[in-house]
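Data block below; observations after.
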């Protein structure tokens, strides 16, 4: 029952209504100048990109197994069962490991602030937990951004591809990337042509570090026995040679 | 404990500067040299002070060239990753002397522990600059996420800095003739040392694990699932190299005899550790089939070549006893290893990530100024403490020294 967003690049008209709605929902300023910025940042959590005659939309992918939440040393980022990855600014100490770890380079930082926070889209966690759709989906006049259950949206995306196979690239971006994301993309052209990263692994990224981290108890216990044992042997040797009056 | 020795140390430093220990040898050069070094030191500290002002009042944006696409710079890659690694001599020598009981190395144990303690303290200082909210440095201790490598590193570094403090305490107790507490510390010393070695093993390797999460960003010459192992082995190597490095410097600064035979046999160990490191790296690269990348004329190729050369050259040289027994050559080899190590950490932490992040990063002057200030402060504080506290025992053990002189080229005793 986890929620997701389906963005259909073939339907998007680039009106940027989603940007305006997003800014309003976060209480961020929004004017023509900010609208012209085609990248997400600490003051713009979603952005419409132009790629030739195609549009694309950037926002936090709210991964099914998010790297950011796994690397956060203080647990400021959490994957909710509802789907959104939420952020608690009161916990964050600003190590920026989430930014380094994110395969989509989504988290932004308030670089010039003296008490900076990380900023990213949280898929309107509050609205969705009240049963409302995300601000961007509500604002979209053409249905290019749709908010709903992930499974239902995947089924719908597959149906759209099946109905008009010549209009679509034929794959859903976000289905398998890094183990699946809560933002899904449909496109007329291969995804790298609308600015999406296609070199990301299909494996969930938290696995890469957990494989090593889960060895910690083994290393500690084996190491204690080994080092303690070595000390026990060498200490005995030293004692014996001291008694025998030998000099080491 | 720092304020007192510092204030006292300053007085002694001043008096010592005019009457250096190695009077006869160094009078001609030492006076002007120290003035130049002091001028450089002051310039570095002043620039660091101004950079600190920028950091505090204008945030990370006003003091660094970091960006959303490139969130980590040299304050992480050098101040933290190199700082922790360069302090690895502490746990390496503790293991050698107290756990493997090769007590010949005891004269260089204390400087290694001091270096480690200072190193870790300065890493924390570096973190205070780098963290967006340094006032929340303590958060990982109460807000847990055991799935995070950074969480593990935070705990290990905290605990190990405490262990190093306790390992250094006997020096303080000895200085002030406090026998009771010295006994207490001695009673818990073995578990303490084992704990120290374990904690070091964990976080030295974990600094490599940090980068396992970025397989699509880190250039394939560096990204490998065995990064934790490579970080661990290279930390041991650089810990040994740093021990040689600081012995050489302190022997010049304090005009005391260099423990050459001891360092020469340590250099033997260093050569072996480096050989293992290089061989594992070679195997790893051949298993991952990345040698083809070396034919590409890219900045990464050249930085990789530089890093490897700085490791291979000293390895080859250190296998020769004529090199090991020449102080200058030995020192040069240690310096090469240190720079090779730094090159590696900077490559993994910054340059190797540039292409994958789609951006360029050159540190801002203020980032460099803070880093240099931290290094300079490290040298100065080490000098002060070494002057005031019983760190170097070698000069009181000249007999032992004479014995060891015979042992270096005797394969049985050297082991």
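Could you go through the stretch A:186-196 and let me know if any residue there is more than 21 Å from the chain's Cα centre (by Cα), farther than 30 Å from residue A:23 by Cβ and either surrounded by fewer than 15 Cβ atoms within 10 Å (Cβ to Cβ) or touching a residue at least 24 places away in the same chain (Cβ under 8 Å) (or both).
yes
Among A:102, A:98, A:124, which is the only one that is farther than 17 Å from residue B:357 by Cβ, in contact with a helix residue (DSSP H, G or I) (Cβ under 9 Å, 6 or more places away or on another chain) and either touching a residue at least 24 places away in the same chain (Cβ under 8 Å) or outside the structural domain of residue A:39 (by TED's automatic domain parsing) (or both)?
Exactly one of A:102, A:98, A:124 is farther than 17 Å from residue B:357 by Cβ, in contact with a helix residue (DSSP H, G or I) (Cβ under 9 Å, 6 or more places away or on another chain) and either touching a residue at least 24 places away in the same chain (Cβ under 8 Å) or outside the structural domain of residue A:39 (by TED's automatic domain parsing) (or both), namely A:124.
A quick yes/no check of all residues on (1) under 21 Å from residue B:200 (Cα atoms); (2) within 13 Å of another protein chain (Cβ to nearest Cβ); (3) touching a helix residue (DSSP H, G or I) at 6+ places or on another chain (Cβ under 9 Å):
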{"residue": "A:160", "(1), (2), (3)": "no, no, no"}
{"residue": "A:181", "(1), (2), (3)": "no, no, no"}
{"residue": "A:204", "(1), (2), (3)": "no, yes, yes"}
{"residue": "A:212", "(1), (2), (3)": "yes, yes, yes"}
{"residue": "A:222", "(1), (2), (3)": "yes, yes, no"}
{"residue": "A:226", "(1), (2), (3)": "yes, yes, no"}
{"residue": "A:230", "(1), (2), (3)": "yes, yes, yes"}
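Can you report the number of residues in the stretch A:85-111 which are assigned to a loop (DSSP other than H, G, I, E, B) and out of contact with any strand residue (DSSP E or B) (no Cβ under 7 Å at 6 or more places or on another chain)?
Going through the stretch A:85-111 one residue at a time, the tally reaches 13.
With (1) at pLDDT 95 or above; (2) buried (at least 22 other Cβ atoms within 10 Å of the Cβ); (3) within 11 Å of another protein chain (Cβ to nearest Cβ) as the list, and residue B:78 as the residue in question, which single condition is left unmet?
Just one mismatch for residue B:78, condition (3).
If a residue has to be farther than 18 Å from residue A:47 by Cβ and buried (at least 19 other Cβ atoms within 10 Å of the Cβ) to count, how many in the stretch A:118-146 make the cut?
Total satisfying the criteria: 3.
Residue by residue through the stretch B:307-318, note down the ones that are surrounded by 15 or more Cβ atoms within 10 Å (Cβ to Cβ) and either within 23 Å of residue B:350 (Cβ to Cβ) or in contact (Cβ under 8 Å) with a residue 24 or more places away in the chain (or both).
B:307, B:308, B:310, B:311, B:312, B:314, B:315, B:318
Scan the stretch A:27-59 residue by residue and report those that are free of Cβ contacts under 8 Å to residues at least 24 places away in the same chain and either assigned to a helix (DSSP H, G or I) or out of contact with any helix residue (DSSP H, G or I) (no Cβ under 9 Å at 6 or more places or on another chain) (or both).
Passing the criteria: A:27, A:31, A:32, A:33, A:34, A:35, A:36, A:37, A:38, A:39, A:53.
What do you reckon, is residue B:303 surrounded by 15 or more Cβ atoms within 10 Å (Cβ to Cβ) and touching a residue at least 24 places away in the same chain (Cβ under 8 Å)?
Yes: the conditions hold for residue B:303.
The values are calculated or read from the model by the stated rules, or taken from the named source; none is laboratory data. For clarity, every value in this text was computed on a predicted model and none was experimentally measured. Please note: Cβ atoms are built from the backbone with ideal geometry, for glycine as well, and neighbour counts cover all protein chains shown.
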